[in-house]
Amino acid sequence: MEFTHLDEQGNVAMVDVSAKPGTMRSATASGAISLQPETLRLLREQAIPKGNVLTAAKIAGIQAAKQTAHLIPLCHQLNLSWIDLSFALHDDRIAISATARTREATGVEMEALTAVSVAALTIYDMCKAVDTSMEIGSIRLEKKTGGKKQLSVEYRPRTSILVLSDSIAAGRGTDRSGLLLQEGFEAAGCPVDELRVISDRKEEIEAVVEEWVAGGVELIVTSGGTGLGPRDVTVEALSPKFTRKLPGIEQALFNWGQGKTKTAMLSRLAAGMIGNSLLICLPGSPGAAADALEVLVPAIFHAFAMLKGEGHP
């Protein structure tokens, strides 16, 4: 779950995750409730007056996880794929564990923590008639997977960004997309060798990319020239040079863009290898650049481990 923040007026605000793609996410939380040995004996013998304590606690924890957004004011409302709780009885306490999963744009740690908390409170309620010394504690997040944290690839490729635009190259416009890409990749730890702006000329596009490939640039990202205009020639210039096509990258970018704007279907994406260089051709809008960063970073960096023969983590 994303943390909230204070705005300039000191008011809390919900974190906007609408630009993030949904991925499989999981979180496990744990906690414990201490009880008297006699209470645990009654629980094991199912002699607690209110009935089956652990069944009630499990159902309460599952229900609470599904209601987390209604309990914690600034949490996002998530569609949970799965939530389960387990209990371990010790001599003086019950250990509680909860795991939640979702395929959403933000994590499920608050759901797992809420499940543990409410399960412990339910045990307290079920047993309070026979034990007034119970204590709840040690509630914590054990692990969290999914999202960008799951793809913790250390290697960062040498990167260059090529902006294709007649107007910007002629000084009649200002580049925004290339700068967004540069800032995004640098923020992810990539050394960006160069950001270059050229006109939509097929020969010039080919020459720059050949120069960068020969110079050992590992990741080349182009911005612009992928539409249907008569000067949109980026795909025609570069896709014939691919030694390997990467349709998965194209599909991921297309699907994410199509989910946000219908006109994304009019753009032509291209991704492939030219020798040892990975090349991705993107539309020229700032929105397309921002979307590409959400989809590509950090998953794209794993490609370079594969190219070095390191395989999957």
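The values are calculated or read from the model by the stated rules, or taken from the named source; none is laboratory data. This one's a predicted model, so the numbers in the text were calculated from it and none came from an experiment. Quick reminder, even Gly has a Cβ in these numbers, built from the backbone with ideal geometry, and neighbours come from all protein chains shown.
Of the listed requirements (1) in a helix (DSSP H, G or I); (2) at pLDDT 95 or above; (3) not small (Gly, Ala, Ser), ARG140 misses just one: (1).
The set of residues from segment 68-85 being touching a helix residue (DSSP H, G or I) at 6+ places or on another chain (Cβ under 9 Å) and either over 16 Å from VAL53 (Cβ atoms) or exposed (fewer than 13 other Cβ atoms within 10 Å of the Cβ) (or both) comprises THR68, ALA69, LEU71, ILE72, CYS75, HIS76, GLN77, LEU78, LEU80, ILE83, ASP84.
Of all residues in segment 11-25, those satisfying the criterion of being loosely packed, with under 13 Cβ neighbours inside 10 Å and either modelled with pLDDT of 70 or more or more than 17 Å from the chain's Cα centre (by Cα) (or both) are ASN11, VAL12, ALA13, MET14, ASP16.
Going by the structure shown, is LEU141 surrounded by fewer than 21 Cβ atoms within 10 Å (Cβ to Cβ) and either out of contact with any strand residue (DSSP E or B) (no Cβ under 7 Å at 6 or more places or on another chain) or not assigned by TED's automatic domain parsing to the domain that holds GLN63 (or both)? So LEU141 does not fit the description; no. Filter segment 216-238 down to the residues that are without any contact (Cβ under 8 Å) to a residue 40 or more places away in the chain and surrounded by 12 or more Cβ atoms within 10 Å (Cβ to Cβ), then identify the one that is nearest to PRO157 (Cα to Cα). Out of the qualifying residues, it is ALA237.
With a requirement of 3 or more residues that are modelled with pLDDT under 95 and in contact with a Phe, Trp or Tyr (Cβ under 8 Å, 6 or more places away or on another chain), the helices (runs of 4 or more DSSP H) lying completely within segment 214-313 that satisfy it span 286-296.
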